[in-house]
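These notes concern the structure reproduced below.
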Amino acid sequence: MKRFLSFSISLFFTISFVMPGNPAPPEFWHDQVTGDPDTLSLDEVVIPGRYSPDIYSGLSRLVYTIDHETIRLKPVNSLQDILEYVTSLDIRQRGSHGVQADVSMRGGSFEQVLILLNGVRINDPQTGHHNLNIPVNKADIERIEILEGPGSRVYGPGSFSGAINIITRKPGSSGLSVSVSGGEYGYLDLHGSGDFNSGPVSHYVSLGNSSSDGFTGNTDFSKANIFYRGMADAGFGTFDLQTGYLEKGFGARNFYTALYPDQYEKIRSAFTNLSFQTSGPVNYRQSVYHRRHHDRFELFRHDPAKWYAGHNYHMTDIFGTNMILDVPHSLGNLYLGTELRREQILSSVLGDRLDAPLPVRNERDAFYNYSKKRDQINLTAGNTFIFNSFSLAAGALLSRTAANGWDLYGGLDISYNIGNNMTWFSSWNQSVREPSFTEMYYTSPVHRGNSQLKPEEAVTFETGVRLHNGNWFGHAAVFRRNGSNIIDWVRKEDELVWESKNISVLNTSGLEIEMAWRNPGLNFPVSEIRAGYAYLNISKKSEEYISAYVLDYLKHKLVTGVTIPFHRKADLVIMSVFQDRAGTYTDTATGGEIPYDPFILVDAGITMRIIQDMTLSVEISNLFNTSYSDIGNVPVPGRWIKAGLNFSFQKK
């Protein structure tokens, strides 16, 4: 592995100057709220890092941005909770407070959304269940940018139905922030962060710890993490180091099967990324990154059955290096990029059998018996042209994998400004995703993996309009995704074993409408009203098979929110989510299939500035104590009340 990484870095620096490059951090363009909370204004602004010095009104794609202030005010405690309020996303939480959740977009599976941390793709190759195991706290997030729709031609394989980029705070002026919150079911959350400077280097450090006894049996959890970001201005460019570590253990009641409710899981995840970015009109960015993820799954937390052979252990590693060259020209912008990436796993059950078992570190009598490695080379190129009110962006991905050789994918985005307040946009894009190691190798008495799976592919068409008129802004869009070789767990009606297969065709049609109104002053009792609606319909052309996942999707989702300020010192936020899911789940008592019932969840929170450096918050999730089912037989919490204090001190 050391030889591979050394070779990759050396080769990368060599080809960086003679070959196209790979996408850098996708810090998308967006409308941004500027100014202090009492004088909000909506401005078109340039956000560096998206390959062209464009503005939001000229962008030919939908990008949903959640800024730091919005995150701070929402009645949430985790990244998963934040994403729950995005209209195009389907967040299916197995546990509370970010224990584990699957994220899907526009009817895709939880394996088809690309997750990035400060622009680095960190999807876990073992399973999408681990994609949101990220070592950052809510307070560490500067903003979240969500590309709705495929992005493979820019970000490489994995951005099949969309991409989510979590962007953390940059080091700022010296200061310290400490928060503590608690609530029902023994919930306790502690967080501290600080900014400081040492010579030319600015530092940001964050530590967090949270735990709960659980809202019912075997739903307890504990989490701890540390995150660091350091930046140094070298004059000719900026060095940026990010590193973090997350450890959590949780009761996994009914997570993967309701037959054995006493499941437990323990994960550890570490991430490091070192990048360099030049200053000036021609932008060059180089990154080297590594992510390691450990997972221990216990089917029996206590009193295992006599036939139980032992826990499952997995360790995945991602090594990568990438570059982007961004060159402005008189008509727009040119970008070139390249990426070298290795994904590998050591496992007790997944992969090809090892010649000799390897011991699992820090575990007694535990061994890895299987392993698998795969490499990628991704070359990207594209150009954006801007002609007055019209823009056109075209690009392509040339990707090589050991299993499939070279493949080419492309896309085209166009937009036209209809006056000053409305933009029409349309796009055609191809996308691709490699199978996870679980899809390829997982085997049980009722599951059979398939090591010969092909990458799944799709072509997506989209058109719509964006509105930005004073205090009103929003969009409406329709799309169609035609998927081929889609990966799913399927079985025939007269069979019991689920097999991982490339089903022939899966077509997804959708509609999204989003509107928001923001009041720039306090002369009205409401400062923001927001509503979003999404509709999906999915059809499958492989009728001889029963599907486990691809036809289990949100058919209707409606999100509403209102923010009410109180005398410049407090804000009340009320959010609601309506979900109507297609699909069924198996009733463990009868063995029959039960359709999902639609439901509405309402969350509320109030944030009050007590004194200049102290803030009080109270949060109530599931305000009306609604009973509902989000994932089969997995229990979900009812009403949960929490309160907390935050102290922030800045150096004068």
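The values are calculated or read from the model by the stated rules, or taken from the named source; none is laboratory data. Just so you know, these numbers come straight off a predicted model, no measurement behind them. Positions of Cβ are generated from backbone atoms using ideal geometry, with glycine treated the same way; all protein chains shown enter the neighbour counts.
Tally time: how many residues in segment 195-241 are touching a residue at least 40 places away in the same chain (Cβ under 8 Å) and under 17 Å from residue 132 (Cβ atoms)?
Residues in segment 195-241 being touching a residue at least 40 places away in the same chain (Cβ under 8 Å) and under 17 Å from residue 132 (Cβ atoms): 6 in total.
What pairs come out if I take residues in segment 626-650 that are over 30 Å from residue 173 (Cα atoms) and outside any strand (DSSP E or B) and pair them with residues that are at pLDDT 90 or above and of a type in the set (A, V, I, L, M) whose C-beta lies under 6 Å away, six or more apart or interchain?
If the second residue must be at pLDDT 90 or above and of a type in the set (A, V, I, L, M), the pairs left are 626/601; 630/636.
Restricting to segment 291-316, name every residue that is touching a residue at least 60 places away in the same chain (Cβ under 8 Å), surrounded by fewer than 20 Cβ atoms within 10 Å (Cβ to Cβ) and within 21 Å of the chain's Cα centre (by Cα).
Across segment 291-316, there are no qualifying residues.
Within segment 306-336, can you find the residues that are part of a strand (DSSP E or B), farther than 17 Å from residue 366 by Cα and hydroxyl-bearing (Ser, Thr, Tyr)?
Those that are part of a strand (DSSP E or B), farther than 17 Å from residue 366 by Cα and hydroxyl-bearing (Ser, Thr, Tyr): 321, 335.
Looking at segment 95-114, is at least one residue basic (Lys, Arg) and either under 22 Å from residue 285 (Cβ atoms) or surrounded by fewer than 24 Cβ atoms within 10 Å (Cβ to Cβ) (or both)?
The answer is no, given that none of the residues of segment 95-114 is basic (Lys, Arg) and either under 22 Å from residue 285 (Cβ atoms) or surrounded by fewer than 24 Cβ atoms within 10 Å (Cβ to Cβ) (or both).
Right, residue 603: of a type in the set (D, E, K, R) and surrounded by fewer than 19 Cβ atoms within 10 Å (Cβ to Cβ) or not?
When the stated conditions are applied, residue 603 does not pass them.
Give the number of residues within segment 253-280 that are β-branched (Val, Ile, Thr), over 25 Å from residue 217 (Cβ atoms) and part of a loop (DSSP other than H, G, I, E, B).
Residues in segment 253-280 being β-branched (Val, Ile, Thr), over 25 Å from residue 217 (Cβ atoms) and part of a loop (DSSP other than H, G, I, E, B): 0 in total.
Tell me which residues, restricted to segment 98-111, are in contact with a helix residue (DSSP H, G or I) (Cβ under 8 Å, 6 or more places away or on another chain), assigned to a loop (DSSP other than H, G, I, E, B) and of a type outside the set (Phe, Trp, Tyr).
Those that are in contact with a helix residue (DSSP H, G or I) (Cβ under 8 Å, 6 or more places away or on another chain), assigned to a loop (DSSP other than H, G, I, E, B) and of a type outside the set (Phe, Trp, Tyr): 98, 100, 109, 111.
Could you list all residues from segment 70-126 that are β-branched (Val, Ile, Thr) and within 13 Å of the chain's Cα centre (by Cα)?
82, 86, 91, 103, 113, 115, 120, 122
Among the numbered criteria (1) in a strand (DSSP E or B); (2) without any contact (Cβ under 8 Å) to a residue 40 or more places away in the chain; (3) over 24 Å from residue 299 (Cα atoms); (4) of a type in the set (A, V, I, L, M), which single criterion is violated by residue 403?
(1)
Name the residue that is modelled with the lowest pLDDT, counting only residues in segment 472-493 that are surrounded by fewer than 15 Cβ atoms within 10 Å (Cβ to Cβ) and over 24 Å from the mean Cα position of the chain (by Cα).
493
Exactly one condition in (1) under 21 Å from the mean Cα position of the chain (by Cα); (2) under 21 Å from residue 407 (Cβ atoms); (3) not basic (Lys, Arg) is false for residue 428; which is it?
(1)
Among what's in segment 337-353 and is over 25 Å from the mean Cα position of the chain (by Cα) and assigned to a strand (DSSP E or B), pick the residue that is surrounded by the fewest Cβ atoms within 10 Å (Cβ to Cβ).
353
Search segment 504-526 for residues being over 23 Å from residue 423 (Cα atoms) and crowded, with 21+ Cβ neighbours inside 10 Å, and hand back the single one that is modelled with the lowest pLDDT.
506
Can you tell me which residues in segment 324-347 are among the small types (Gly, Ala, Ser), over 21 Å from residue 127 (Cα atoms) and in contact with a strand residue (DSSP E or B) (Cβ under 7 Å, 6 or more places away or on another chain)?
332, 337
Only one of these is in a loop (DSSP other than H, G, I, E, B) and more than 30 Å from residue 616 (Cβ to Cβ): 551, 511, 536. Name it.
551
For segment 539-564, name all the residues that are more than 18 Å from residue 583 (Cβ to Cβ), surrounded by fewer than 19 Cβ atoms within 10 Å (Cβ to Cβ) and in contact with a strand residue (DSSP E or B) (Cβ under 7 Å, 6 or more places away or on another chain).
558, 560, 562, 564 - these are the residues of segment 539-564 that are more than 18 Å from residue 583 (Cβ to Cβ), surrounded by fewer than 19 Cβ atoms within 10 Å (Cβ to Cβ) and in contact with a strand residue (DSSP E or B) (Cβ under 7 Å, 6 or more places away or on another chain).
Filter segment 514-533 down to the residues that are of a type in the set (Phe, Trp, Tyr) and not in a strand (DSSP E or B) and list them by number.
Once the filter is applied, which keeps residues that are of a type in the set (Phe, Trp, Tyr) and not in a strand (DSSP E or B), segment 514-533 yields only 524.
So residue 409 ticks every box in (1) buried (at least 16 other Cβ atoms within 10 Å of the Cβ); (2) over 20 Å from residue 341 (Cα atoms) but one. Which box is left unticked?
(2) is the only condition that residue 409 fails.
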